[in-house]
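Visitor: The structure that follows is given in the form of structure tokens.
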Amino acid sequence: MSYTVIQTEVHDRVGLIRINRPKTLNAINSTVMRELVQALEAFDADSAIGAMVITGDERAFAAGADIKEMVDASAVDMLLADNIGTWDRIRNIKKPLIAAVSGWALGGGNELAMSCDMIIASETAKFGQPEINIGIIPGAGGTQRLTKAVGKAIAMEVVLNNRTISAEEAYRFGLVNRVVPVEVYLDQALELANELAARAPLAIRMGKEMVNHAFESFLADGIADERRSFYYLFSSEDQKEGMKAFIEKRDPEWKGR
Ligand code: HXC
């Protein structure tokens, strides 16, 4: 399969997917979302592959959903396109999935990393949900998965006040598995993925399912509520103002409607 905004490679028994929009800090547009899920499903169905790694580049894993693609969307546009619905398919991937994160993992980028089973972070990794800056909230599980991963107090600060979590904090909070020098973060993720790929495939699959079972009780309800609120905010003047201000490189003027 050929892709336009991601690249795929095979390393031994691991399928590697790179998001490849470096000029936008790997902002996730609808094509990235679609191609990423297609590539994951293709690797999941390939018996030569035992695990997958998703990465960006050293500067950014992904700086969030593509604001330029969303700025003029209405709530109805968002609901009908339901691009985030595509990402539900990530939850059905059976093989282990590792995010190799360096630099920015923001908004939808952090939500993508948290959708993976494990995260290997470089020392430069920075995690956050800055949607509040542009008049919206996380829409792909951020409010739910972050709260479960780091607890309510930190999640509130991240979601409501754009607190960024450093790599070292992310390790301390239990958001990531390990923090390693930037030179080796991808190699370490591939090594871990190859270890997993060499293990008993059925036990790996059921172990993943069961850990997710523990983690995801009630997650589906929370994610559905979050997505409705996220789409709803596209009927507000503040969403238009917040996103325009980002694109025009100025501070937003909030109206509260
Ligand atoms: C579109 C983006 C982008 C984004 C960065 N760029 N993030 N374009 N969508 N999310 C673009 C910039 O416009 C700029 O393009 C180029 O990438 C480099 O970014 P700079 O801002 O110049 O870099 P820097 O000063 O280093 O700042 C880095 C940054 C900042 C702090 C990460 O770019 C930033 O705040 N980005 C937005 C982060 C954000 O709000 N993410 C959440 C999005 S909403 P030009 O053309 O000017 O060079 C979201 C909802 C998820 O994710 C919903 C579910 C999927």
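Visitor: Would you point out which residue out of G135, G174, G141 is of a type outside the set (A, V, I, L, M, F, W, C), within 16 Å of the ligand (Cβ to nearest atom) and under 17 Å from the mean Cα position of the chain (by Cα)?
Guide: Answer to the check: G141.
Visitor: Just to be sure before I move on: is A140 outside any strand (DSSP E or B) and closer than 29 Å to I49 by Cα in the structure I sent?
Guide: The answer is yes for A140.
Visitor: Mind checking which residues of the stretch 87-113 are touching a Ser or Thr at 6+ places or on another chain (Cβ under 8 Å) and in a helix (DSSP H, G or I)?
Guide: Result: W87, I90, R91.
Visitor: Please state which of the following conditions K249 fails to meet, knowing it meets all the rest: (1) within 14 Å of the ligand (Cβ to nearest atom); (2) surrounded by fewer than 12 Cβ atoms within 10 Å (Cβ to Cβ); (3) under 17 Å from T147 (Cα atoms).
Guide: K249 satisfies all of (1) within 14 Å of the ligand (Cβ to nearest atom); (2) surrounded by fewer than 12 Cβ atoms within 10 Å (Cβ to Cβ); (3) under 17 Å from T147 (Cα atoms) except (3).
Visitor: All but one of (1) aliphatic (A, V, I, L, M); (2) farther than 17 Å from G108 by Cβ; (3) touching an Asp or Glu at 6+ places or on another chain (Cβ under 6 Å) hold for A27; which doesn't?
Guide: (2)
Visitor: Being within 16 Å of the ligand (Cβ to nearest atom) and under 19 Å from K94 (Cα atoms) is the requirement here; does L25 meet it?
Guide: Working: within 16 Å of the ligand (Cβ to nearest atom): yes; under 19 Å from K94 (Cα atoms): no.
Against the criterion (within 16 Å of the ligand (Cβ to nearest atom) and under 19 Å from K94 (Cα atoms)), L25 does not qualify.
Visitor: Let me ask another. Among the residues of the stretch 62-80 satisfying the criterion of being outside any loop (DSSP other than H, G, I, E, B) and within 11 Å of the ligand (Cβ to nearest atom), which is surrounded by the fewest Cβ atoms within 10 Å (Cβ to Cβ)?
Guide: K68
Visitor: Determine whether the stretch 100-110 contains at least one residue that is of a type in the set (V, I, T) and closer than 30 Å to E253 by Cα.
Guide: No, every residue in the stretch 100-110 fails to be of a type in the set (V, I, T) and closer than 30 Å to E253 by Cα.
Visitor: Those residues that are exposed (fewer than 13 other Cβ atoms within 10 Å of the Cβ) and either farther than 30 Å from M78 by Cβ or acidic (D, E) (or both), I need them from the stretch 214-236; list them, please.
Guide: Once the filter is applied, which keeps residues that are exposed (fewer than 13 other Cβ atoms within 10 Å of the Cβ) and either farther than 30 Å from M78 by Cβ or acidic (D, E) (or both), the stretch 214-236 yields A214, D221, D225.
Visitor: Continuing with this model, one more query. Restricting to the stretch 156-172, name every residue that is under 18 Å from I119 (Cα atoms), assigned to a helix (DSSP H, G or I) and open to solvent by less than 40 Å² (accessible area, probe 1.4 Å).
Guide: A167, E169, A170, listed by residue number.
The values are calculated or read from the model by the stated rules, or taken from the named source; none is laboratory data. Quick caveat: nothing in here was measured; it's all calculated off a predicted structure. All Cβ positions, even for glycine, are placed from backbone atoms using ideal geometry, and neighbour counts span all protein chains on display. Quick note on the areas: whole protein, heavy atoms, side chains included, nothing else; ligands and nucleic acids left out. Shrake-Rupley method; radii C 1.70, N 1.55, O 1.52, S 1.80 Å.
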